[in-house]
1. Quick check: convex hull of the Cα atoms in the chain, volume per residue, rounded to a whole Å³?
2. Need one value: the accessible area of Phe154 in square angstrom, 1.4 angstrom probe, rounded to the nearest 10.
3. How large is the helix-only mean residue ellipticity at 222 nm for the chain, computed as the sum of -39500 (n - 2.57) over DSSP H runs with n ≥ 4, divided by its residue count, in deg cm²/dmol to the nearest 500?
4. Compute the Kirkwood hydrodynamic radius of the stretch 83-140, taking the inverse of the mean of 1/r over all pairs of distinct Cα atoms, and give it in Å to one decimal.
5. Hey, if we sort Ser5, Ser45 by accessible area with the 1.4 Å probe, largest down, what's the order?
6. With an 8 Å Cα cut-off and a minimum separation of 6 or more residues, compute the relative contact order for the chain in percent.
7. Using only the alpha-carbon atoms, how far is helix 89-107 inclined from the longest principal axis of the chain? Give it as 0 to 90 degrees, nearest 10.
8. So what's the angle, to the nearest 10 degrees on a 0 to 90 scale, between helix 146-161 and the longest Cα principal axis of the chain?
Amino acid sequence: LQAHSIILTLEGQMKMDLEYISYILQKDDLLEVMAEDITENISISKDFRGYHVMFSRSLLDEVIAPLINLLPKGAAQAKRAFPVQHLEQYEVKNVLDIIHRMKRYITDQNHLYQDQILRNELSSLILELDNGTWKRYGKEFVEMGSSESIGFRFRQLLNEHGRREHEVSFYAGQLNVRKTIYPR
């Protein structure tokens, strides 16, 4: 879709493969799907109920630009490494409050500041979600070692180039990793 997605499960269950990893979302689970992510095998239970918020990559870039300096080092890595979060009840309420305000302003075509208010609400949603991710997993990424960092960077490269680049040499070059031959 070339769109960033946020899926919040309120009831039932959703199954999907994201970047070749299977996930099961249940009540109060939230999934963030980046625009370049590969999603497959999506199924939902009959009792599924939730929200799916989608926005373009260009809108995301525009909204995030003023926030970049606020985000702690490792925040993006934490979000990529843990795309599914189980939200606490107060977090679900905060996210739903923002989503409901967005829905209200999307339908109010006559509001003079509709566009700006929607951008502000999207900023609030992003900060709310980043806060939750950081509270749960942030410390792990501040203390990430070099081998973990290479593994994480490799996964990022696969996300960005996996559809076009299939040669190990491409990824090795991007990671500045040399092939070592050991004698038998």
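The values are calculated or read from the model by the stated rules, or taken from the named source; none is laboratory data. Keep in mind that this is a model prediction, so the values were computed, not measured. Counting neighbours? That spans all protein chains shown, and the Cβs are built from the backbone with ideal geometry, glycine included. Side chains are part of the model used for accessible areas, which takes the heavy atoms of the whole protein and leaves out ligands, DNA and RNA. Shrake-Rupley method; radii C 1.70, N 1.55, O 1.52, S 1.80 Å.
1. Details: hull volume 28.6 nm³, N = 184.
Expressed per residue, the convex hull around the Cα atoms of the chain is 155 Å³.
2. Rounded to the nearest 10, that gives 80 Å².
3. Here the helix-only value at 222 nm equals -15500 deg cm²/dmol.
4. Details: mean 1/r = 0.0800 Å⁻¹.
Kirkwood radius, the stretch 83-140: 12.5 Å.
5. Values: Ser5 10, Ser45 35 Å².
Largest accessible area first, the list is Ser45, Ser5.
6. Here the relative contact order equals 20 percent.
7. 70
8. 70
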